[in-house]
1. Hey, any hits in region 88-109 for a residue that's outside any strand (DSSP E or B), open to solvent by 10 Å² or more (accessible area, probe 1.4 Å) and under 19 Å from Asp73 (Cβ atoms)?
2. So, Cys79, is that one in contact (Cβ under 8 Å) with a residue 12 or more places away in the chain and within 16 Å of the ligand (Cβ to nearest atom) or not?
3. Confirm whether Gly94 is at negative phi and among the small types (Gly, Ala, Ser).
4. Suppose we filter Gly239, Gly206, Gly228, Gly202 for residues that are more than 12 Å from the ligand (Cβ to nearest atom), of a type outside the set (A, V, I, L, M, F, W, C), modelled with pLDDT of 95 or more and under 11 Å from the mean Cα position of the chain (by Cα); which single one remains?
5. Report, by residue number, each residue of region 85-106 that is under 14 Å from Val131 (Cα atoms) and not β-branched (Val, Ile, Thr).
6. Inside region 260-295, can you point out the residues that are open to solvent by 20 Å² or more (accessible area, probe 1.4 Å) and polar (S, T, N, Q)?
7. Taking the condition open to solvent by less than 20 Å² (accessible area, probe 1.4 Å) and within 16 Å of the ligand (Cβ to nearest atom), does Gly246 pass?
8. Scan region 125-176 for residues that are out of contact with any strand residue (DSSP E or B) (no Cβ under 9 Å at 6 or more places or on another chain), at pLDDT 95 or above and buried (at least 19 other Cβ atoms within 10 Å of the Cβ) and jot them down.
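The values are calculated or read from the model by the stated rules, or taken from the named source; none is laboratory data. Quantities reported herein were computed from a predicted structural model and do not represent experimental measurements. Heads up, the Cβs are rebuilt from the backbone with ideal geometry, glycines too, and the neighbour counts pull from every protein chain shown. Accessible surface areas use protein heavy atoms only, side chains included; no ligands, DNA or RNA. Shrake-Rupley method; radii C 1.70, N 1.55, O 1.52, S 1.80 Å.
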Amino acid sequence: MKRRNFIKKASLSGVGLAIGSTLIGCENKPSEDKKHVSSSEQIKLPLVIATWHVIDSTAKAMEILQAGGSALDAVEQGCRVEEANEKGQSVGKGGLPDRDGNVTLDACIMDKHGNCGSVVYLQNITHAVSVARKVMEDTPHVMLAGEGAKQFAISKGFQPEDLLTEASKKAWEKWKVEAKYKPIINIENHDTIGMLAIDKNGDISGACTTSGLAYKMGGRVGDSPIIGSGLFVDNEIGGCVATGLGEEVVKTVGSFLVVELMRQGKSPQEACEEAIGRIVNKPNSDYKNFQVGYIAVNKKGETGSYSIHQWFSMTKFQDGVNEQIQSDYFIKT
Ligand code: ASP
């Protein structure tokens, strides 16, 4: 069953915020035999992994790594590829808007020293991940929001532009008719590009960028710009990024949890599975009606990925192979 069909079957109503339509790589279902299991043999550096099917993004990141570039440059440049891709309606330009038609972006980045930068509710600037990096490198702060983040970006030379493409505007107008502006969830229409890289020196960095849940309430911020939730990197241990319903990731501080579990000796795969377990095993968890997925890498270059529902995938570029790998998942029936 393709992910889109699954989404139709699993669509819900009346459960909170709206989540909208096109997903990254949802038409590119990987074969079952590519199901991901971490392996201690996979220690060839450099390597890059990303959420969903984003081989152009991982290719860009690997180009930088192979030229001797840092993991930090690699994840920033890799994320920028998808931010500039107007066809991807969950990231950067062309991202689906909130309920009022405003495209608002969340992004963050974290380096090998544990430094981090983040932007939330950023409007009119395509490359949110690069603004996050500027926050990290050029300010004494970690997070800038809204108009302040936008003005900061402009002061750094970013050009303001309209991020609402015709396709996304049409999708929003259609949503308004069908949803009658009610906060209705379906699982479709959101996604984050999260990327983790290890450079040839063995140093780890990570980044993530998203337009968040489509048709979200005005002002809503998800997990993606929150260090420890959408992303966490500890260069001694490893890194993790999340995608899916951000509210659920925030409630369990998901990415920090995965890294801490790896610190305690779990493999990236085991850590991702336990972090999903923390969500689905909560009393009264509504997990059947939302998706969360994690990808992780440890210092040895072992990787893992796991989600609640089927059809989450990871793109991995290592040792000359850039491929989409189907994640294992919790709900098997
Ligand atoms: N985690 C993002 C958010 O909640 C969206 C996604 O990755 O699907 O904003």
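1. Checking region 88-109: not a single residue is outside any strand (DSSP E or B), open to solvent by 10 Å² or more (accessible area, probe 1.4 Å) and under 19 Å from Asp73 (Cβ atoms).
2. yes
3. The answer is no for Gly94.
4. That would be Gly206, the only listed residue that is more than 12 Å from the ligand (Cβ to nearest atom), of a type outside the set (A, V, I, L, M, F, W, C), modelled with pLDDT of 95 or more and under 11 Å from the mean Cα position of the chain (by Cα).
5. Gly92, Leu105, Asp106
6. Correct list: Gln264, Ser267, Asn281, Asn284, Ser285, Asn289.
7. yes
8. Listed by number, the list holds a single entry, Phe158.
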